[in-house]
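*Asks:* I'd like to ask you about the structure that follows.
The values are calculated or read from the model by the stated rules, or taken from the named source; none is laboratory data. Keep in mind that this is a model prediction, so the values were computed, not measured. A quick note on method: Cβ atoms are made from the backbone with ideal geometry, for glycine too, and the neighbour counts reach across all protein chains shown. Protein only, heavy atoms only, side chains kept; ligands, DNA and RNA dropped before computing areas. Shrake-Rupley method; radii C 1.70, N 1.55, O 1.52, S 1.80 Å.
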Amino acid sequence: MMEQHAREYLLQIPFWTKQKHTISQVQELLTALGDPDRRLRIIHVAGTNGKGSVCADLTAVLTEAGYHVGTFVSPHLEDITERFLYDGRPISEADLEQSFQAVLTVTETMRERGFFHPTFFEFVFLMAMELYGRLRPDYVVLETGLGGRLDATNAVRDPIACVITSISLEHTQYLGTTIREIAGEKAGILKPGAPVIYDAGDPDASQVIRERAGSLGIPAWPVSPSEPYDQVPFAAPWQAVDAALAVKCLKVLEPAGVDETVIRRGLSKVSWPGRMQEARPGVWLDGAHNPGGIRAFVEAVKGQLAAGCGGEKPEGSGTPVSGGVHLLFAAVADKDYREMIRLLCQGLPLERVTVVQLHSERGLAAETLKEAFQEEGVGAAEQFAAVPEALDWALAHKREPDRLYVVGSLYLIGEIRAELARRKP
């Protein structure tokens, strides 16, 4: 019952508290936990797209080299333990409960001192720090939640390196309306003594990051998207770019035992559910949920289509393409869903589209999504109020050579993965 208590409590937090603490207040909460972040070698990762992929790459290579690695990521797809990884695997129920109880105790103590209850993300971040401070892995890979400068994860005091992935317009109501403004928020994680490795694909973002690094006196290592890591086959081009960021970070840090052979071996074992994942033959899941992510998704699918048309597919590209392209799509209300739909319709030869409303208060109505697809010229569009029915329809109308791509929201990916797990292959 205690394990269930942890989950129930955590998932209820967003319903009764949304007031965020300042970074200095989160640091006070960390201090109340015993300053666990100061005992850890933390690689801090920010960016718009690719954060999770870079975290997975770093974790896989360091684990392959024999190190113990704690990895904190978000969101989870099916179960909250997915946010707290140890050597690439979700933590145990016992560890979840122990960290939960430790943070709950500190929360109650600090509320007596005038603090308010941590938000959901603050609470799980504090749990991660308590967990890794207790387990003492060799490295911790820490993914930001939203932005960087004001994100709860920025309370860590002494990271050993920072990585900033590709930056595009997202969460403009919080982070700014230009690439430079958003890059400034992401670069807010930079700290003295920690080199930064960054995606140099956007000149404005690159300039902001370089200037911030210069003001702190830290090395800045650019990685060009035109130089992806091509020693391992990937299902999507963006995965090779993210891998290049992870590899550059490792080469800057120079952990013992991490050579080219270990890097290739580790990257070949990377598993990141819901990111260009072929969940079943011809059924692909991708968590692209903003225009930048959709652009990368479209390029990946176009590459798969070209491989299928050419008769020979590159390694790692999955099932050969000879049929049509079907789409199962959902989105949340605070995303630029119209731009996402426009990019999908202009970039891909969509044969059929199925839209569904997410089981979330943030989910957009299926009718709204269907209308947006129809406005972009898609005639064969069906709408559903729930994922099981939408998946039934999409699979029933998919011929064997067709591909069904599930995209638009990580919440959708989580619901689809859970639904597929309940069904026989």
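*Asks:* For the stretch 6-15, name all the residues that are touching a residue at least 40 places away in the same chain (Cβ under 8 Å) and open to solvent by 70 Å² or more (accessible area, probe 1.4 Å).
*Replies:* LEU11
*Asks:* Can you find, within the stretch 119-149, the residue that is most open to solvent (accessible area, probe 1.4 Å) among those that are under 18 Å from SER99 (Cα atoms) and among the charged types (D, E, K, R)?
*Replies:* ARG136
*Asks:* I would also like to ask the following. Right, GLU112: closer than 21 Å to VAL26 by Cβ and among the acidic types (Asp, Glu) or not?
*Replies:* Numbers: closer than 21 Å to VAL26 by Cβ: yes; among the acidic types (Asp, Glu): yes.
Answer is yes for this residue.
*Asks:* Determine, yes or no, whether VAL232 is farther than 23 Å from GLY324 by Cβ, open to solvent by less than 60 Å² (accessible area, probe 1.4 Å) and not in a helix (DSSP H, G or I).
*Replies:* Yes: the conditions hold for VAL232.
*Asks:* Please identify the pairs in which a residue from the stretch 329-340 that is farther than 8 Å from GLY363 by Cα has its Cβ atom under 7 Å from the Cβ atom of a residue that is among the small types (Gly, Ala, Ser) and assigned to a helix (DSSP H, G or I), counting only partners at least 6 apart or on another chain.
*Replies:* Filtered contacts from the stretch 329-340: TYR337/ALA372; ARG338/ALA372.
*Asks:* Within the stretch 18-97, which strands (runs of 3 or more DSSP E) (wholly inside it) include 3 or more residues that are free of Cβ contacts under 8 Å to residues at least 60 places away in the same chain? It would help to see each step written out before you state the result.
*Replies:* Numbers: elements: 42-46, 69-72, 84-86.
Passing ranges, in order: 84-86.
*Asks:* Another one. Kindly indicate whether ALA244 is closer than 28 Å to ARG212 by Cβ, of a type in the set (A, V, I, L, M, F, W, C) and without any contact (Cβ under 8 Å) to a residue 60 or more places away in the chain.
*Replies:* Against the criterion (closer than 28 Å to ARG212 by Cβ, of a type in the set (A, V, I, L, M, F, W, C) and without any contact (Cβ under 8 Å) to a residue 60 or more places away in the chain), ALA244 qualifies.
*Asks:* Is it fair to say ALA372 is more than 24 Å from the chain's Cα centre (by Cα), in a helix (DSSP H, G or I) and within 22 Å of LYS302 (Cβ to Cβ)?
*Replies:* Spelling it out, ALA372 is indeed more than 24 Å from the chain's Cα centre (by Cα), in a helix (DSSP H, G or I) and within 22 Å of LYS302 (Cβ to Cβ).
*Asks:* Considering each of ALA205, ALA213 in turn, give the residue that is out of contact with any Asp or Glu (no Cβ under 6 Å at 6 or more places or on another chain), free of Cβ contacts under 8 Å to residues at least 60 places away in the same chain and under 24 Å from ARG275 (Cβ atoms). Spell out how you get there, then give the answer.
*Replies:* Numbers: ALA213 fails: under 24 Å from ARG275 (Cβ atoms).
Every option except ALA205 fails the conditions.
*Asks:* In this structure, is VAL106 aliphatic (A, V, I, L, M) and buried (at least 24 other Cβ atoms within 10 Å of the Cβ)?
*Replies:* Details: aliphatic (A, V, I, L, M): yes; buried (at least 24 other Cβ atoms within 10 Å of the Cβ): no.
Considered against the rule, which asks whether it is aliphatic (A, V, I, L, M) and buried (at least 24 other Cβ atoms within 10 Å of the Cβ), VAL106 comes out as no.
*Asks:* Only residues that are assigned to a loop (DSSP other than H, G, I, E, B) and loosely packed, with under 13 Cβ neighbours inside 10 Å: list them for the stretch 386-425, please.
*Replies:* Selection gives ARG399, GLU400, ARG423, LYS424, PRO425.
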